[in-house]
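The values are calculated or read from the model by the stated rules, or taken from the named source; none is laboratory data. Since we're looking at a predicted model, the values are computed, not measured. A quick note on method: Cβ atoms are made from the backbone with ideal geometry, for glycine too, and the neighbour counts reach across all protein chains shown. Only protein heavy atoms, including side chains, enter the accessible area calculation; ligands, DNA and RNA are left aside. Shrake-Rupley method; radii C 1.70, N 1.55, O 1.52, S 1.80 Å.
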Amino acid sequence: LIEMLVVLAIMGLLSVTLILNFRSTARNQTALQRGAFIVVAAIRQAQTLAVASSKFSGESPCGYGVHYKNPALAVVYFGSKPNPTDLCGSQNKNFSSPPDREFSSIIFPDPNMEFKNSFPDIFFEPPDPRTYINNDPSLALAPANIIIGFTERSCSVPTDCKTIQVYPSGRIDIQ
């Protein structure tokens, strides 16, 4: 009888440990997926604004882009011309303040989440929109990789990070 009670106690402890670990892992995966969706939504917002040739504060933009600032923050920016008479085609598409201005911020809902890499500026020029990765519109470029994950973990375990790929064609994938 004592042996059975000891075995049941051990099995109970193992079961509780596994259940708590599973719940924690599922919660982390949900938070990571939510963070990836927030980043993709911001990139798609920049794409949509470029396709619509949306005005910003009464100005016609040269386009909209996404710029990495630090591990906790990236921004969607408005590409403006230094002089109203300048042509957009000759402008540098990477973020430069001024003349470019921040449109919105990409902030993760979980304070323990961050960008794991600095990524090149991704810019969408209307009306096509043409996609520039680090000021280069070539379709032969490799996709820009944006890696997000938790601050206390490395990306050595694939489930601890998500990679968002932005292709020169404008396609966006989450891996």
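A few notes on this one:
- Kirkwood estimate for the range 85-175, i.e. one over the average of 1/r between Cα atoms, Å: 14.9 Å
- For the chain, the longest principal axis of the alpha carbon atoms and the long axis of helix 2-51 meet at an angle near 10°.
- In order along the range 59-66, the Karplus-derived 3J(HN,Hα) couplings, from 6.51 cos²θ - 1.76 cosθ + 1.60 at θ = phi - 60°, round to 9, 8, x, 7, x, 10, x, 10 Hz, and Gly and Pro are given as x.
- Whole-percent carbon and sulfur share, accessible surface of the range 1-126, 1.4 Å: 63 percent
- For residue 81, the lysines whose Cα comes closer than 21 Å to its Cα, not counting residues fewer than 8 places off in the same chain, are 55, 93.
- Over the range 8-75: Rg over Rh, Cα atoms, Kirkwood Rh: 1.38
- D_trans [Stokes-Einstein, Kirkwood Rh over alpha-carbon pairs] for the range 111-157, 10 °C, 1.306 mPa s, µm² s⁻¹: 127 µm²/s
- Inter-site label distance for residue 138 and residue 154 at 7 Å from Cα along Cβ, in nm: 3.2 nm
- Annotation: amide H of residue 106 within the under-5 Å range of 74, 75, 76, sequence separation 5 or more or interchain, hydrogens built in the peptide plane.
- Base-10 log of normalised Debye intensity for the chain (one unit scatterer per alpha-carbon) at q = 0.12, 0.15, 0.16, 0.20 Å⁻¹: -0.60, -0.83, -0.91, -1.25
- Using C-alpha pairs below 8 Å separated by at least 6 residues, the relative contact order for the chain is 20 percent.
- Accessible surface computed residue by residue for the chain, with neighbouring protein chains in place and a 1.4 Å probe, gives 56 Å² per residue.
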